[in-house]
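Enquirer: Right, I'll just put the structure down here and ask away after.
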Amino acid sequence: MSKKLFWFTGVVAICLIAIVMLTNAKEEAVVIDYEGQPFLGEASAPVEIVEFGDYKCPHCGEFNKTLLPMINQELVETGKAKFYFMNYSFIAADSTTSAQFAETVFQELGNEVFWEFHHLLFANQTNESGQENLMSAEFLGTFLAEVATQEEVEKVQLAFSEGKAKGAWEKDMSTANNLGVNSTPTIYIGGKEFTGQTMDDFVEMVDESTDGK
């Protein structure tokens, strides 16, 4: 009887240890490769914020319109954090088209033009009649023309047709899949997924990440 009790106690102890280990593992920050990714802010900012998004996602459009300006003002412009965008294109085929086109803009025209184009894509997810816009290469070129010269637009369209940014997009998708991302927008702060509900929660998590460095 005592042996059975000892065995049972041992099993319980092992289970408790496993639970603790899993909990601690979940709390540990994951390593995300930000090399070659577009970002807002100073490279020296101590905390990385990354949004995994889809240009066809209305929730991402709302995030870009309402929350990103606050994040930029309170955290990016103050030097507390830098903000990255990575693609998780899953809604439709033109999610991939727009993502790879935006990656091409970044590669060919640089970070500043990328962000101008990025904001335009989210601002124009629907047309004047409220219908969803289909993001063909030709359609995307008309928006790029708002922030780039015709020569630059043609340069991007040629690079896009040659698939030059496909590898960068595949890297984003691989990162998202490895992290278990399954919806957009999904946000990571300092390598940990943000699950809060308010802007105060967001700022608090950035502060905690800063304290941990």
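Enquirer: Quick check: net charge around G53, other residues with Cβ under 12 Å of its Cβ, Lys/Arg +1 and Asp/Glu -1?
Expert: On the way: positive: K56; negative: E51, D54, E62, D172.
Local charge sum for G53: -3.
Enquirer: Give me the base-10 log of I(q)/I(0) for segment 39-211 at each q in 0.10, 0.11, 0.18, 0.20 Å⁻¹, Debye formula, one uniform scatterer per Cα, rounded to two decimals.
Expert: For the requested q values the scattering log ratios are -0.38, -0.46, -1.19, -1.40.
Enquirer: Can you sort M135, M173, M199 so the residue with the fewest Cβ neighbours within 10 Å comes first?
Expert: Working: M135 24, M173 19, M199 14.
Least to most surrounded, the residues fall as M199, M173, M135.
Enquirer: So if each residue of separation counts as 0.36 nm, and I subtract the Cα-Cα distance between I91 and K166, what length gain in nm does that give?
Expert: Working: separation 75, 0.36 × 75 = 27.00 nm, distance 1.76 nm.
Here the segment from I91 to K166 would lengthen by 25.2 nm.
Enquirer: How much length, in nm to one decimal, is gained on full extension between L158 and Q197, taken as 0.36 nm per residue of separation minus their Cα-Cα distance?
Expert: 9.8 nm
Enquirer: Among all the aspartates and glutamates, which ones have a C-alpha under 18 Å from K155's C-alpha, if same-chain residues fewer than 8 places away are not counted?
Expert: E103, E108, E112, E116, E138, E146
Enquirer: Ok, one more. Cα gyration tensor of segment 83-164, axes a ≥ b ≥ c as square roots of the eigenvalues: rounded (a/c below 1.5), prolate (a/b > b/c) or oblate? Working shown, then result.
Expert: Numbers: a/c = 1.40, a/b = 1.27, b/c = 1.11.
It is rounded, given that a/c, with a ≥ b ≥ c, falls under 1.5.
Enquirer: Collect residues whose amide H, placed 1.01 Å from N in the peptide plane, falls under 5 Å from the amide H of M86; neighbours closer than 5 in sequence don't count.
Expert: Sorted by chain and number, the residues that satisfy this are E51, F52, G53.
Enquirer: What does the net charge come to around D94 if you take all other residues with beta carbon closer than 14 Å to its beta carbon, with K and R at +1 and D and E at -1? Could you put the intermediate results ahead of the total?
Expert: Values: positive: K56; negative: D54, E132, E138.
Summing Lys and Arg as +1 and Asp and Glu as -1 gives -2.
Enquirer: If each residue's Cβ is checked for other Cβ atoms within 10 Å, how do D94, D211, D201 rank with the fewest at the top? All intermediate terms of the calculation are to be shown ahead of the outcome.
Expert: Working: D94 20, D211 8, D201 12.
Least to most surrounded, the residues fall as D211, D201, D94.
Enquirer: Still on this structure: Taking the Cβ-Cβ separation of A145 and E74 as r and a Förster radius of 30 Å, what is the calculated FRET efficiency to the nearest 0.05?
Expert: Numbers: r = 33 Å, r/R0 = 1.09.
Efficiency computed from Cβ-Cβ geometry: 0.40.
Enquirer: Moving on. Name all residues of segment 50-83 having a backbone nitrogen under 14 Å from the label point set 7 Å from the Cα of E132 along its Cα→Cβ direction, giving them as ranges.
Expert: Within reach of a label on E132: 54-61.
Values in this text are rule-based calculations from the coordinates and carry no lab data. No experiment lies behind these values; they were computed from the predicted model shown. Cβ coordinates were reconstructed from backbone atoms using ideal geometry, including for glycine residues, and neighbour counts include every protein chain displayed.
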